[in-house]
1. Residues 74, 46, 87: which one is over 20 Å from residue 140 (Cβ atoms), touching a residue at least 12 places away in the same chain (Cβ under 8 Å) and surrounded by fewer than 17 Cβ atoms within 10 Å (Cβ to Cβ)?
2. Determine which single condition residue 114 fails, assuming it passes every other condition in (1) outside any helix (DSSP H, G or I); (2) surrounded by 21 or more Cβ atoms within 10 Å (Cβ to Cβ).
3. Is it fair to say residue 151 is at pLDDT below 95 and assigned to a helix (DSSP H, G or I)?
4. Could you check how many residues of the range 147-157 are crowded, with 17+ Cβ neighbours inside 10 Å and within 16 Å of residue 107 (Cβ to Cβ)?
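The values are calculated or read from the model by the stated rules, or taken from the named source; none is laboratory data. Since the model is a prediction, treat every value here as computed from it, not as a measurement. No Cβ is skipped: glycine too gets one built from the backbone with ideal geometry, and neighbour counts run over all protein chains shown.
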């Protein structure tokens with residue numbers, strides 16, 4: 001059976017030693033996410049209402065995969081998976097978690113010019129509210145976003161060259177940080193039930 005180099009699973013409440021020293025992966029950007037401004041027009045209300053259901057899906061899957069990842073790390077027998085597939089299941093949950101994390105980070109922090117991308121500014125409607133939301137997104141998530149981009153979303157040479165000690169993912173910390181930022185977003189938007197599509 002093929003075993004790939006570890007992505008570095010950490011238990012939900014663990015952090016990896018030396019995590020803050022992953023500077024080589026940090027994107028060389030002159031601005032912090034706080035100072036970033038959107039670069040495309042805000043979407044019409046109707047489009048935003050339709051996108052609400054997709055945003056809820058991302059939130060649900062992000063939180064569910066964080067919880068399932070904790071379960072598979074702490075009590076893999078509860079998943080009723082044969083031992084030969086346990087590692088694959090762990091990686092599948094981790095990769096799913098990281099992809100939904102990337103989507104939510106992009107939603108809150110990206111300055112995408114792509115007209116089809118759903119962004120927080122479309123819901124918040126003003127740059128002041130966007131800046132306020134981004135104050136609740138810890139800067140450390142930017143590093144994890146870049147790592148997920150390089151290690152999961154794309155096949156890169158960076159992944160091959162990354163030291164094992166820098167492969168860990170503090171799942172609990174990432175989940176708590178993102179969910180807190182999403183709670184702030186919810187408080188700022190407060191959509192009516194009519195606005196939420198199922």
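1. 74
2. (2)
3. It is true that residue 151 is at pLDDT below 95 and assigned to a helix (DSSP H, G or I).
4. Number of matching residues: 2.
Conditions (1) modelled with pLDDT under 50; (2) within 22 Å of residue 119 (Cβ to Cβ); (3) out of contact with any strand residue (DSSP E or B) (no Cβ under 9 Å at 6 or more places or on another chain), marked per residue:
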residue: 8; (1), (2), (3): yes, no, no
residue: 22; (1), (2), (3): yes, no, yes
residue: 30; (1), (2), (3): yes, yes, yes
residue: 61; (1), (2), (3): no, yes, yes
residue: 67; (1), (2), (3): no, no, yes
residue: 74; (1), (2), (3): no, no, yes
residue: 77; (1), (2), (3): no, no, yes
residue: 83; (1), (2), (3): no, no, yes
residue: 88; (1), (2), (3): no, no, yes
